[in-house]
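Scroll down for the structure; my scribbles are underneath it.
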Amino acid sequence: MEAVKKFFKTLLLLLLIAAMGLGIWHFAAPVREQAAPYIEFAGERIGFTSARFRTPTLFGYLRKDSIRAGSQELDLGKLDPSQLTLEIPEGYECSLVVKKEGEQYFSGGADDFARQSFDNGDYTITVTLHCDETQETDWASFFYVVDYTVDIRPSAVFSAEKALQGDIITVLVNTGRSDAEPTISTDLGKPVFAPLGNRNYVSYVPVGFAQTPGEYEIKVSAGGESFTGKVTVEEREYTVQNLTIDEETVANTTGAGASIDYAQKITPTLYTSEKDILWDGLFIQPIEGTITTEFGLYRYTNGSSRAERHTGIDIAAAEGTPVPASNSGKVVYAGDVISTGGSVVIEHGCGLKTYYYHLSSVDVKTGDVVSKGDIIGKVGSTGYATGPHLHFEVKLGEYALSPWELFDGSSSIYSAGQK
Ligand SMILES: [Zn+2]
């Protein structure tokens, strides 16, 4: 009897030792872990926040779970929806859950995420990468938790707070979540908006060559919000010219008939504008040559005590010199005008136009679409002119603007909103 008891006691002890051994084996079995993968979210390389492994023990009869902490949960702050990109490494199953302010927003795969749109709000995304057990590695799931905020508000950026007479102020607007077009108003002119895509718009505000110096406001309304740009207009220095022109030319090219003709042919172009931006890159000075009459110059003709203003630049050149378009656009007038002679007007978008006068021949017609550098006519001395030259002018609506900043690239139109 004692012997039986002893036998069972020993057996129990052995079983206990075996169980302990198996237990140690089970708990001490090492995780066969692969190199931890990274994901790329919103352009950031991100390591896992936590990971779970399932390791086989006791010849595969059992599995044990283990959890490992990784890097801290990341807060990426304010992001634009266009920045919300997700890249996952190859060889893993990917699933994700997005919560908005604590509530589930959506769940799915990486492809679903790319198609998702995001409203303003605070989000948490949890990305899970999973791989099954292989010969070398264990079953594993890696979790990546990232916080971010989507915050799109309407915005308006005014290119300058100071401008010279003859400058252009460029206004860039985003309407935020609104599809409604923004509006703009100012005492400086009647600017319009051209769409740039993704609810971005550009507008060119003219500061006319003769704009009275002082303080002005530009009021923009976009996506239900109002913005005001303040601009101080400063005086530009202009030169003075005394011009003698023969009385016959004056008689033939000025006066009531010439005014009516100009009003019928050129004036209407001041009040049209092409919705889209057509210009591309720097405006070029159409032809080389001496600048015989500067932009904005005060001109006293034949001893008159009253000055006329010169709204463009005169470039002297040989009769017949080909004249290229300063930039790409659409011809909105081409023909003969009593005062300006052979004339071409090109719209470059958003109301910005270039004017070419006194041409001996006009080689385009109204409605033509021209590319920068295309020949539109030839230098002449037709209309109110004393010799062969090109009168080149830049206008936004009724307002004549300096061409020099368009030629040298310093104009605000180049700062943004280019095609
Ligand atoms: Zn001129």
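What follows draws every value from the coordinates through simple rules; no lab data is involved. Every value quoted in this text rests on a predicted model; they were computed, and no experiment measured them. Positions of Cβ are backbone-derived with ideal geometry, glycine not excepted, and every protein chain shown enters the neighbour counts.
Which of Asp151, Asp246, Asp280 moves most in a GNM of the chain, Cα contacts under 10 Å?
Asp246
Which percent, nearest 5, of DSSP beta bridges in the chain are antiparallel?
Values: 109 of 120 bridges.
Approximately 90 percent, going by the DSSP bridge assignments.
Can you pull a Stokes-Einstein diffusion coefficient for segment 36-150 at 20 °C (1.002 mPa s), Rh from Kirkwood over Cα pairs, as a whole number of µm²/s?
Reported coefficient: 142 µm²/s.
What value, in deg cm²/dmol to 500, does the helix sum -39500 (n - 2.57) over DSSP H runs of n ≥ 4 give at 222 nm once divided by the residues of the chain?
My calculation for the chain gives -4000 deg cm²/dmol from helical runs alone.
Remind me, relative contact order of the chain in percent, using alpha carbon pairs under 8 angstrom and six or more residues apart?
Working: 1012 pairs, mean separation 49.9, N = 419.
Over the chain, the number comes to 12 percent.
What ranking of Lys190, Lys395 emerges when the number of other C-beta atoms within 10 Å of each C-beta is taken as an exposure proxy, fewest first?
Taking fewest neighbouring Cβ atoms as first place, the list is Lys190, Lys395.
So for segment 155-234, Kirkwood radius off the Cα pairs, Stokes-Einstein at 4 °C and 1.567 mPa s: how many µm² s⁻¹?
Using the Kirkwood radius from Cα pairs, D works out to 103 µm²/s.
Pairs Lys162/Lys265; Lys219/Lys330; Lys230/Lys330; Lys78/Lys275; Lys190/Lys330; Lys78/Lys190: which are spaced more than 24 Å apart, C-alpha to C-alpha?
Distance filter (> 24 Å) returns Lys162/Lys265; Lys219/Lys330; Lys230/Lys330; Lys78/Lys275; Lys78/Lys190.
Could you work out which residue, out of His391, His348, His130, moves most in a Gaussian network model of the chain, that is, has the largest mean-square fluctuation with Cα springs under 10 Å?
The residue that fluctuates most here is His130.
What Kirkwood Rh does the chain have if only Cα atoms enter the pairwise 1/r average? Answer in Å. Intermediate values should be presented prior to the final figure.
Values: mean 1/r = 0.0365 Å⁻¹.
Averaging 1/r across every pair of different Cα atoms and inverting gives 27.4 Å.
Once both axes come from the Cα atoms, what is the angle between helix 2-28 and the longest principal axis of the chain, in degrees from 0 to 90, rounded to 10?
On a 0 to 90 degree scale, this one is about 10.
Would you work out the charge dipole size for segment 155-234 about its Cα centre, treating the Cβ of every Lys and Arg as +1 and the Cβ of every Asp and Glu as -1, and quote it to the nearest 20 debye?
Using only the charged Cβ atoms, the result is roughly 180 debye.
Once the cut-off is 21 Å, how many percent of the Cα-Cα pairs in segment 240-413 end up in the long-distance tail?
Value for segment 240-413 (Cα pairs over 21 Å): 44 percent.
Per residue of segment 245-262, what does 6.51 cos²θ - 1.76 cosθ + 1.60 with θ = phi - 60° give for ³J(HN,Hα)? Whole Hz please, x for Gly and Pro, Karplus curve as stated.
9, 5, 4, 5, 4, 4, 4, 7, 10, 10, x, 4, x, 5, 5, 5, 4, 5
Among Ser71, Ser155, Ser259, which one shows the highest mean-square fluctuation when the chain is modelled as a Gaussian network with alpha-carbon springs under 10 Å?
Ser71
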